[in-house]
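Visitor: Could you have a look at this structure, given as C-alpha cells, before my questions?
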Amino acid sequence: MKRKVFFVSDRTGITAEMFGQSLLSQFEETQFDEMTLPFIDSVDKAREVCRILAKAEKDTQQKPIVFDTIVLPEIRQVVQSSGALVLDFFHTFIGPLEDELKQSSGFRVGKTHSLSDSKAYDARIEAVNFALNNDDGITMRHYDKADVILVGVSRCGKTPTSLYMAMQFGIKAANYPFTEDDMDNLSLPLELKKFKNKIFGLTINPNRLHEIRTERKANSKYASLKQCQFEVREVESMYRRLKIESLNTTSRSVEELAAKILASTGIKRSVF
C-alpha cells in the first residue's frame with residue numbers, strides 16, 4: 001500500500017510540494033500517494049485537515065506524512081496535534097534564524113513574494129502561461145518567443161519539466177509530442193526545423209513508458225510495450241541523426257532534468 005503524504009500550506013502549496021518531493025525522492029523503495037491541501041489559513045480549515053489526516057490513518061493503518069509551510073503558529077499547532085508525522089519547514093528554520101539574528105519573525109503569510117520585485121514575479125507568471133499555452137503542440141505560432149522547446153514521445157515528462165522550468169526559473173518552455181502517426185517517417189515538422197537551435201529532446205525507458213501509459217489507457221496499442229519500444233527507438237534514432245541533444249527522464253526528477261537542460265543549453269535562469 002502506498003504511504004499517504006500531504007502537502008499543507010496557507011498559500012498555494014508549491015513550496016511544500018517542492019521541498020517535500022525532493023525529500024521523498026530519496027526513498028526509492030516506497031511508493032507515495034500525494035495530496036496537496038492549499039490555502040489552510042484559518043483554525044477551522046486546520047481542523048478539517050486533521051479530520052482528513054485521521055481518516056487517512058484509519059484507512060491505511062499508517063501515520064500520514066505531512067509537509068507544511070504554515071506561517072501562523074496557532075494554525076500550525078492544530079495541524080501538529082493531528083498525530084500525523086508533521087514536518088514543518090517554517091518551524092524548522094525560523095527558530096534558528098531568530099536566534100542568530102536576535103530578531104523575532106513577523107509571521108506574515110505570503111511574505112516570500114516580497115523577496116523579489118514585481119517585474120521578476122510577473123516574468124515568472126508570464127513563463128507559466130507560456131508553458132500552458134504552448135503545451136503538447138497546441139500551437140507552434142509562438143516558438144520564436146520560446147527559450148527552449150522540449151520534444152519527445154507522449155508521456156515522457158515534457159509537460160512537468162516545462163512547467164517546473166517556468167515556475168522556478170521564469171523560462172519560456174514549449175513542448176511538442178511525437179505521436180504514433182509521426183513514426184513511419186519521423187522527422188521534425190517544418191515549424192520546428194526553423195527553431196532547431198532551441199530544441200532539446202527527452203526520452204524514457206520503454207518499460208517505464210509502458211507502465212505510465214497503461215495507467216492512462218490500459219489494454220491499448222498506445223500503451224503496449226511493443227509500441228512504446230518502437231516509438232522510443234524511432235525518436236532516439238532521430239535525435240542521433242539530427243544531432244539533437246537529449247536526456248533520459250526515467251530515473252530523474254524534474255529538478256534534475258531542469259538543471260541539466262539549463263547546463264547543456266546555456267539558458268540563463270531569471271533571478272527572483
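None of the figures in this text is laboratory data; all of them are computed from the coordinates on show. Quantities reported herein were computed from a predicted structural model and do not represent experimental measurements. Methodologically, a virtual Cβ is constructed for each residue, glycine included, from the backbone with ideal geometry; neighbour enumeration extends over all protein chains shown.
Visitor: Choose one of 235, 40, 151: the residue whose Cα lies farthest towards the positive end of the charge dipole of the chain (beta-carbon charges +1 Lys, Arg; -1 Asp, Glu; about the Cα centre).
Guide: Of 235, 40, 151, it is 235.
Visitor: Still on this structure, please answer the following. Report the gain in length on full extension from residue 44 to residue 179: 0.36 nm times residue separation, minus Cα-Cα distance, nm rounded to one decimal.
Guide: Length gained between residue 44 and residue 179: 43.8 nm.
Visitor: Something else now. What does the net charge come to around residue 215 if you take all other residues with beta carbon closer than 12 Å to its beta carbon, with K and R at +1 and D and E at -1?
Guide: Combined, the nearby Lys, Arg, Asp and Glu give +4.
Visitor: May I ask for the angle, rounded to the nearest 10°, between helix 118-133 and the longest principal axis of the chain, with both axes built from Cα atoms and the value confined to 0 to 90°?
Guide: The answer is roughly 50 degrees.
Visitor: Need the list of lysines near residue 158 for cross-linking: C-alpha distance under 22 angstrom, and skip anything on the same chain fewer than eight residues off.
Guide: Output for residue 158: 145, 172, 193, 194, 196, 198, 217, 221, 226, 243, 260, 268.
Visitor: Using R₀ = 41 Å, calculate the FRET efficiency as 1/(1 + (r/R₀)^6) where r is the Cβ-Cβ separation of residue 219 and residue 187; round to 0.05.
Guide: So the FRET efficiency works out to roughly 0.85.
Visitor: Evaluate E = 1/(1 + (r/R0)^6) for residue 12 and residue 144, where r is the Cβ-Cβ distance and R0 equals 22 Å; express this FRET efficiency to the nearest 0.05.
Guide: 0.10
Visitor: Also: For residue 153, what residues show an amide H to amide H distance below 5 Å, using hydrogens built from the backbone and excluding near sequence neighbours?
Guide: Here the answer is 178, since their amide H atoms fall under 5 Å of that of residue 153.
Visitor: Where the centroid of each part is defined by its Cα atoms, how far is the range 183-252 from the range 1-45 in Å?
Guide: About 30 Å separates the Cα centre of the range 183-252 from the one of the range 1-45.
Visitor: Summing +1 for each Lys or Arg and -1 for each Asp or Glu, what net charge is found among the other residues whose Cβ lies under 13 Å from the Cβ of residue 89?
Guide: -2
Visitor: Collect residues whose amide H, placed 1.01 Å from N in the peptide plane, falls under 5 Å from the amide H of residue 3; neighbours closer than 5 in sequence don't count.
Guide: Sorted by chain and number, the residues that satisfy this are 31, 32, 33.
Visitor: Using only Cα atoms and rounding to the nearest 10 degrees, what angle (0 to 90) does helix 158-169 make with the longest principal axis of the chain?
Guide: The answer is roughly 50 degrees.
Visitor: Follow-up question, since we're still on this one. When ranked by the protection proxy of mean other Cβ atoms within 10 Å per residue, highest first, what sequence do the peptides 23-32, 256-265 form?
Guide: Packing proxy ranking, top to bottom: 256-265, 23-32.
Visitor: Please check which bits of the range 146-166 a label hung off residue 132 would reach, taking the label as a point 7 Å along Cα-to-C-beta and the cut-off as backbone N under 16 Å.
Guide: Those under the cut-off are 159-166.
Visitor: Which lysines, if any, have their Cα less than 22 Å from the Cα of residue 55, not counting same-chain residues under 8 positions apart?
Guide: Straight-line reach from residue 55, under 22 Å: 2, 4, 45, 63.
Visitor: Another one. What list of ³J(HN,Hα) values in whole Hz, one per residue of the range 199-209 in order, does the Karplus curve 6.51 cos²θ - 1.76 cosθ + 1.60 (θ = phi - 60°) give from phi, with Gly and Pro shown as x?
Guide: Each residue of the range 199-209 in turn: 7, 9, x, 10, 9, 7, 5, x, 5, 5, 4 Hz.
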